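These notes are about the structure you will find just below.
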Amino acid sequence: MALELFNTLSGQVEPLFAADGNALRFYCCGPTVYDYGHIGNFRTFLHVDVLRRAIKLHGIGVHHVMNVTDVDDKIIRNASAAGKPIGEYSAKFEKAFFDDMKALSCETPEDIARATEHIPEMVELIQRLAAEDIAYQTEDGSWYFRIKRFPAYGQLSKKDLDGIEDGARIDSDEYEKDSARDFALWKSAKPGETSWDTAIGNGRPGWHIECSAMALKYLGESFDLHAGGEDLMFPHHENEIAQSEACTHKQFARHWFHVRFLLVEGRKMSKSEGNFYTLRDLLLKGYRASAIRFLLLSVPYRQQLNFTFEGLAAETSAVDRLRTFQARVASGIKDGKWPETAADPELSATIRKSGEDFTAALSNDLNTAEARAPIFDLLRAVNTAADQNKLTRADAEATLAVLAQFDTIFSVLEDHDAELTRNALAWAESEGRMADVAPEVLEAFGSSSLSDVDIDALVAERTLAKKQRNFARADAIRNELLEKGILLEDSKDGVRWKRK
Ligand code: AMP
Ligand code: ZN
């Protein structure tokens with residue numbers, strides 16, 4: 001069954017395919033690394049993760065490119081308030097973003113491209129646009145895109161641009177919802193701001209040009225799909241199309257994929273409403289990363305998800321039920337509990353159908369809600385059969401195969417939750433955020449908030465200290481770990497550690 005997906009550009013659900021018959025080349029606008037990612041950001045990246053996993057499930061390769069916006073108005077403002085160079089400021093949030101993506105079990109794109117490492121490519125693109133008489137320079141040395149010179153402007157967002165005023169300009173990176181205006185390609189240097197001295201002047205890139213330059217570099221002039229949150233459709237994606245197609249005279253991306261924003265407890269998420277959550281906030285409150293992933297994927301990407309704490313609790317028990325079920329079926333196989341007798345045809349058919357319904361729903365515009373429903377039907381039917389001693393080994397194996405297929409998309413069955421919460425605790429400790437930790441989390445995880453990675457690093461340092469006969473340091477590390485509830489056992493195979 002072909003994978004079909006809604007295309008914002010055509011307004012229709014269309015079969016998705018790789019034009020080169022090999023790998024589906026797609027670009028997803030990545031994070032602006034000025035702060036920690038919030039659950040809205042991650043809803044978008046999680047659905048893009050499901051998209052890439054679904055493409056692979058359909059036997060198609062993927063070449064997924066994501067940019068990291070590490071220079072923009074907000075980064076410059078925040079870095080200067082923190083008294084840091086922008087590189088140092090953004091590196092911390094970039095690392096946090098990728099740690100969070102890993103915690104949410106998102107696969108890593110094939111290419112990750114930082115804006116600040118692609119300035120020459122952006123300059124070249126602006127020069128090409130200038131040669132086409134589309135980019136123009138203003139008195140202060142900034143460069144703008146003249147949208148009147150690109151008649152197809154508005155094709156993605158379907159905006160009626162009859163009334164646009166030629167030469168009216170906008171130089172902010174921040175979103176402009178309504179008006180179409182000439183937008184900044186390059187901003188001339190301002191005193192005290194980071195800038196690059198280039199052939200088009202001393203300055204820094206506008207936000208939109210980075211995505212065109214990087215998509216063209218990594219994916220070619222025409223590629224299969226472009227993704228992002230719904231807010232990016234206009235003006236960002238419209239501007240990406242304009243910049244790229246005005247240069248190449250070829251279609252930029254064939255298919256456009258936009259993820260709808262979420263609500264939190266029925267309202268728009270915002271700091272001022274007090275309903276704004278990062279992944280880390282939720283982990284410190286004791287919610288599990290797997291349940292957060294499952295909840296953010298529970299509603300298809302084109303529908304609005306209402307994120308609630310009640311919903312999150314329900315997803316926690318849904319993930320638990322699936323894990324317990326998988327363990328029950330698997331351990332029965334291991335122990336020889338399920339007989340190798342002829343299978344019950346009705347149960348075998350139910351198992352097969354649940355797998356088919358799962359892939360059918362996924363192929364139908366990534367309907368994640370309908371794709372997960374048959375797995376719970378499977379759970380009920382197989383548990384009942386097992387209770388009545390009617391589950392055969394063949395059906396148990398078929399059940400595990402369906403669960404494994406389900407998990408290639410949802411990726412919640414492997415349990416890393418405790419480790420991820422511990423990592424969040426270690427982060428809270430290092431950032432002085434222990435006040436945000438829920439008491440039950442402190443109780444459950446004890447006083448030790450060292451992550452496994454931290455412990456491994458200390459153990460390695462102790463081994464080295466011993467080798468260098470620095471026994472004082474080795475003992476100090478042992479004591480430090482002991483105070484945090486970590487016991488070390490020296491054996492001839494090396495050092496093992498465990499939590500008290
Ligand atoms: P940003 O770091 O603000 O550039 O956003 C990164 C990605 O998250 C973009 O694709 C945005 O469209 C998306 N995004 C931002 N806020 C939300 C939200 N509330 N719900 C869903 N996606 C969002
Ligand atoms: Zn972009």
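When every residue of region 115-133 is checked against the conditions, at least one turns out to be closer than 27 Å to H64 by Cβ, among the small types (G, A, S), part of a helix (DSSP H, G or I) and touching an Asp or Glu at 6+ places or on another chain (Cβ under 8 Å). Among all positions in region 461-482, there is no residue which is surrounded by 12 or more Cβ atoms within 10 Å (Cβ to Cβ), within 36 Å of the chain's Cα centre (by Cα), closer than 30 Å to V319 by Cβ and not assigned by TED's automatic domain parsing to the domain that holds L104.
Of the candidates D70, D49, the single residue that is among the acidic types (D, E), within 16 Å of ligand 2 (Cβ to nearest atom) and open to solvent by less than 30 Å² (accessible area, probe 1.4 Å) is D70. Residue pairs whose Cβ atoms lie under 7 Å apart, separated by 6 or more positions or on different chains, with the first residue in region 26-52 and among the acidic types (D, E) and the second at pLDDT 95 or above, are D35/F93; D49/C106; D49/E107. Applying the set (1) without any contact (Cβ under 8 Å) to a residue 60 or more places away in the chain; (2) assigned to a helix (DSSP H, G or I); (3) of a type outside the set (D, E); (4) closer than 22 Å to A424 by Cβ to R328 leaves exactly one unmet item: (4). Filtering region 255-277 to residues that are more than 13 Å from ligand 2 (Cβ to nearest atom) and either open to solvent by less than 10 Å² (accessible area, probe 1.4 Å) or under 26 Å from K148 (Cβ atoms) (or both) leaves H255, V259, V264, N275. The residues of region 94-106 that are more than 16 Å from ligand 2 (Cβ to nearest atom), out of contact with any helix residue (DSSP H, G or I) (no Cβ under 7 Å at 6 or more places or on another chain) and open to solvent by less than 20 Å² (accessible area, probe 1.4 Å) amount to a single one, A96. For region 196-309, the helices (runs of 4 or more DSSP H) that sit wholly inside it and include 2 or more residues that are away from ligand 1 (no atom under 13 Å from the Cβ), among the aliphatic types (A, V, I, L, M) and more than 17 Å from I39 (Cα to Cα) are 207-219, 238-248. Count of region 446-500 residues, restricted to those that are of a type in the set (S, T, Y) and closer than 15 Å to A426 by Cβ, is 4.
In region 278-294, the count of residues that are β-branched (V, I, T) and under 20 Å from the mean Cα position of the chain (by Cα) is one or more. When only residues in region 1-24 that are open to solvent by 60 Å² or more (accessible area, probe 1.4 Å) and free of Cβ contacts under 8 Å to residues at least 12 places away in the same chain count, which is farthest from K159 (Cα to Cα)? Only one residue fits best here, namely G21.
Results for (1) open to solvent by less than 10 Å² (accessible area, probe 1.4 Å); (2) among the hydrophobic types (A, V, I, L, M, F, W, C), shown as yes or no for each residue.
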{"site": "H63", "(1), (2)": "no, no"}
{"site": "I75", "(1), (2)": "yes, yes"}
{"site": "N78", "(1), (2)": "no, no"}
{"site": "E88", "(1), (2)": "no, no"}
{"site": "I112", "(1), (2)": "no, yes"}
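Can you go through Y27, Y34 and tell me which one is within 16 Å of ligand 2 (Cβ to nearest atom), open to solvent by 30 Å² or more (accessible area, probe 1.4 Å) and among the aromatic types (F, W, Y)?
Y34
Number of residues in region 205-240 that are among the basic types (K, R) and crowded, with 24+ Cβ neighbours inside 10 Å: the value is 0.
The values are calculated or read from the model by the stated rules, or taken from the named source; none is laboratory data. Not measured: the values here are computed from a predicted model. We place every Cβ from the backbone using ideal geometry, glycine too, and count neighbours over all the protein chains shown. For the accessible areas, the whole protein counts, side chains as well, though only heavy atoms, and no ligand, DNA or RNA atoms are used. Shrake-Rupley method; radii C 1.70, N 1.55, O 1.52, S 1.80 Å.
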